[in-house]
Each structure stands twice: as C-alpha cells, then as structure tokens.
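Chemist: Have a look at the structure that comes next, please.
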Amino acid sequence: MALRNRPVRAVLLDISGVLKNCVDEKDVAIEGSVDAVKRLKSSGVPLRFCTNETTTTRSQLVTRLQAIGFDIKEEEVYPPAPAVCRVLQQRGLRPYLLVHPALKPDFEHVDQTNPSCVVLGDAAHAFSYANVNAAFQTLVAMETPVLISMGQGKYYKEDNKLVLDVGSYKAALEYACGLKAEVVGKPSETFFLSVLDSMGAKPQDTVMVGDDIENDVGGAQKCGMRGVLVRTGKYRPSDEDHPSVTPDLIANNLAEAVDEVLKAFAGASQS
C-alpha cells in the first residue's frame, strides 16, 4: 500500500505509541521518531499532534516531549482537555471530574460546584471503585445526566503491557446509567475537524498516523482523511485483520510512514 494515489497536504500524528512509549514511568522516544518529526517539519508540510493524552496538562506533555528530543510547540499539540473546557464554558456545565490528578490544573478555572455533568479522562489509579461509583451516583442524581469522555480507547501500552483506558470506564457508566456519553477527543469527528480547521487543512488532503486501529485510523477515515497504522505502541497483529477498518497504509514505525508521506507531499508540491 502507498499514499501516492492522491497528494498529502497536511499530517496529524498521534503521540503515545507513535512518537514515544512509557517505560518504567519514563518517556522513551521510539527509534527514528525524533528524526521523522524533524523531516516532516523541514519539508514544510502542515503538522499537528492529535492526542487523547489525559494524564497530564498540555504544557507538561510538551515539556516532556522536548526533554526527549522532539521539536514540538504547545500550540501544535491538541489534547482533549482544552476542548472539553470550551464545551463546558459554551454550555454552562459544571463538571464532576473523574480524571488523572495531574490533569486537574487544566480545569482550575472551571466552576465545579453543584455538578451538572461528569467528565471522564484516563484517571489511571484514580479509577477506584469508590471514585467510579461516586461518578455513577452523581449522574443518576441528575434530572438530565450528561457524561463527557475524553476519548473512548479500550486500552493502551505502558511498560510493555496493555492497560485499561478511559473507554472501558465510559462503557461501564453508560451501561449503569442507561445513557450515551459525548466523546471529546479521538475518534470524534468534531474533534478531528477542529484540529484541521486550526491548520486550514481539508480532510481529503490529510493523513492521520496512529497506533490505534479504531480511534486513530478508523476515526480519521470516517472524517474523510487517510489513516496510517504503525506497528508500534498498542498495535497488535490482529489489527491488520480488523473487521471494519482497513488502513490506507501500514508502516513498521513513524519513520517508515513519513517516508511515504513525504513522497505523497512532494507530489502535492508539484501539482
């Protein structure tokens, strides 16, 4: 498979599992990924980093990426938390937060008294029975319950093991409360399109590179983008036989994916 069937004029990259892995609670750049980002930036192709990372603030995430060699600016990174804060403000919602403790500074300016919704992120160890049950009790006490989830991933990879992601807890609360959560983050079409709007890009001209066959690749394709799956991070061989998602390209890693992206971008530059 190749991407040269039509030009590439913009690129979205996932972060965890594509740029880096977490090993022994430390960020480690995946081999070749630092140079791959440099090559994309040198080419002039518009680039954004589209992530469902909700265990840290955007500022802290960028600082961590810079520390392991990536040339990334804060305004290039799009996580769900800032988008959720905009939704809360626009709709006048007050959240009960079930999020990672490190993410709470992103919500300091948000009124959290007398909650009118529940916001879920990857809370990791904070996903205790007591905390999940408190979120359930908050929802069922509402006349019109609203559940907002920052993503719907089933699992991700940490310390070479697959661990439960926010989507598993979202599904539990949906089942218990008889409701459907609003997803702000991948694979939400609204989320993807807001990122594209920030760079003036069109879906048909854009490629999304990720390690999640459903949320990265499938979500991008539903928006009209092309989706590239990399065999790093949470990737499993069974992803290549997914019943409903067929990647436009499968690459061993980001470096290999960028090789194909730049070939297609060169074609766009000449057209």
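The values are calculated or read from the model by the stated rules, or taken from the named source; none is laboratory data. Values in this document were obtained by computation on a predicted structure and should not be read as measured data. Using ideal geometry, Cβ is built from the backbone for each residue, glycine included, and neighbour counts are taken over all protein chains shown. Heavy atoms of the whole protein, side chains included, go into the accessibility calculation; ligands, DNA and RNA do not. Shrake-Rupley method; radii C 1.70, N 1.55, O 1.52, S 1.80 Å.
Chemist: With charges set only on the Cβ (+1 for Lys and Arg, -1 for Asp and Glu), what does the dipole of the chain come to about its Cα centre, in debye to the nearest 20?
Modeler: Dipole magnitude for the chain comes out near 460 debye.
Chemist: May I ask you to compute the full-extension gain from Ser168 to Asn5, defined as 0.36 nm times their residue separation minus their alpha-carbon distance, rounded to one decimal in nm?
Modeler: Contour length minus Cα-Cα distance gives 55.0 nm.
Chemist: Further question: Whole-Hz Karplus ³J(HN,Hα) for the range 241-247, in order, using 6.51 cos²θ - 1.76 cosθ + 1.60 and θ = phi - 60°, x for Gly and Pro?
Modeler: Taking θ as phi minus 60°, the curve returns 10, 4, x, 10, 10, 10, x Hz for the range 241-247.
Chemist: To continue, here is another question. Round to the nearest 0.05 the FRET efficiency obtained for Lys41 and Glu189 when R0 = 22 Å and r is the Cβ-Cβ distance.
Modeler: It comes out at approximately 0.25.
Chemist: Assuming a viscosity of 0.890 mPa s and a temperature of 25 °C, what translational diffusion coefficient in µm² per second does Stokes-Einstein assign to the chain, Rh being the Kirkwood radius over Cα pairs?
Modeler: For the chosen part, D equals 129 µm²/s.
Chemist: So, R0 is 25 Å and r is the distance between the beta-carbons of Asn131 and Thr63; what FRET efficiency does that work out to, to 0.05?
Modeler: Between Asn131 and Thr63 the formula returns 0.35.
Chemist: Give me the one-decimal nm value for the distance between modelled label points at Glu240 and Lys263, 7 Å along each residue's Cα-to-Cβ direction.
Modeler: It is 1.7 nm.
Chemist: Could I ask something else about it? At 1.4 Å probe size, put Lys41, Lys26 in order of accessible surface, largest to smallest.
Modeler: Most to least solvent-accessible, the answer reads Lys26, Lys41.
Chemist: Ok, one more. Rounded to the nearest 5, what % of DSSP beta bridges with both residues in the range 1-143 are antiparallel? List each step's numbers first, then the result.
Modeler: Numbers: 4 of 14 bridges.
Beta bridges within the range 1-143, antiparallel portion: roughly 30 percent.
Chemist: According to the square roots a ≥ b ≥ c of the eigenvalues of the Cα gyration tensor, what is the shape class of the range 15-93, taking rounded for a/c under 1.5, prolate for a/b larger than b/c otherwise, and oblate for the remainder?
Modeler: Numbers: a/c = 2.77, a/b = 1.53, b/c = 1.80.
Cα axes put the range 15-93 in the oblate bin.
Chemist: Scan around Ala10 for amide H atoms under 5 Å from its own, H built in the peptide plane at 1.01 Å from N, and keep only partners 5 or more places away or cross-chain.
Modeler: Residues meeting the amide H criterion: Val207.
Chemist: Students often forget the sequence filter, so: which lysines lie under 21 Å Cα-Cα from Lys41 once same-chain residues fewer than 8 apart are removed?
Modeler: The qualifying lysines are Lys20, Lys73, Lys202, Lys263.
Chemist: With a 1.4 Å probe and all protein chains left in place, how much accessible area per residue does the chain have, in Å²?
Modeler: Averaged over the residues of the chain, the accessible area is 46 Å².
Chemist: If you average 1/r across every pair of different Cα atoms in the range 105-247 and take the reciprocal, what Kirkwood value do you get, in Å?
Modeler: Kirkwood hydrodynamic radius for the range 105-247: 16.7 Å.
Chemist: Sticking with this structure for a sec: Treating only the Cβ of Lys, Arg, Asp and Glu as charged (+1, +1, -1, -1), what charge dipole size does the range 171-215 show about its Cα centre? Round to the nearest 20 debye.
Modeler: Working: 3 positive and 8 negative charges, 20 e Å.
With Lys and Arg at +1 and Asp and Glu at -1, about 100 debye.
Chemist: Looking at the chain, send over the antiparallel percent of its DSSP beta bridges, to the nearest 5.
Modeler: In the chain, approximately 25 percent of DSSP beta bridges are antiparallel ones.
Chemist: What is the percent carbon and sulfur in the accessible area of the chain, measuring with a 1.4 Å probe over the protein chains and ignoring ligands?
Modeler: Carbon plus sulfur share of accessible area: 48 percent.
Chemist: Which residues among the range 93-126 fall inside the zone where the amide N is under 19 Å from a point 7 Å beyond the Cα of Asp159, along Cα→Cβ?
Modeler: 100-102, 122-126, by backbone N distance to the label point.
Chemist: What's the magnitude of the charge dipole for the range 155-269 around its Cα centre, counting Lys and Arg as +1 and Asp and Glu as -1 at the beta-carbon? Answer in Debye, nearest 20.
Modeler: Here the range 155-269 has a charge dipole of around 120 debye.
Chemist: Along the range 202-214, what does the Karplus equation 6.51 cos²θ - 1.76 cosθ + 1.60 (θ = phi - 60°) give for ³J(HN,Hα), rounded to whole Hz, x for Gly and Pro?
Modeler: Computed from phi, the couplings for the range 202-214 are 9, x, 5, 9, 10, 10, 10, 10, x, 9, 10, 4, 8 Hz.
Chemist: HN-Hα J couplings of the range 58-65 from phi, Karplus 6.51/-1.76/1.60, θ = phi - 60°, integer Hz, Gly and Pro as x?
Modeler: Each residue of the range 58-65 in turn: 4, 4, 5, 4, 4, 4, 5, 5 Hz.
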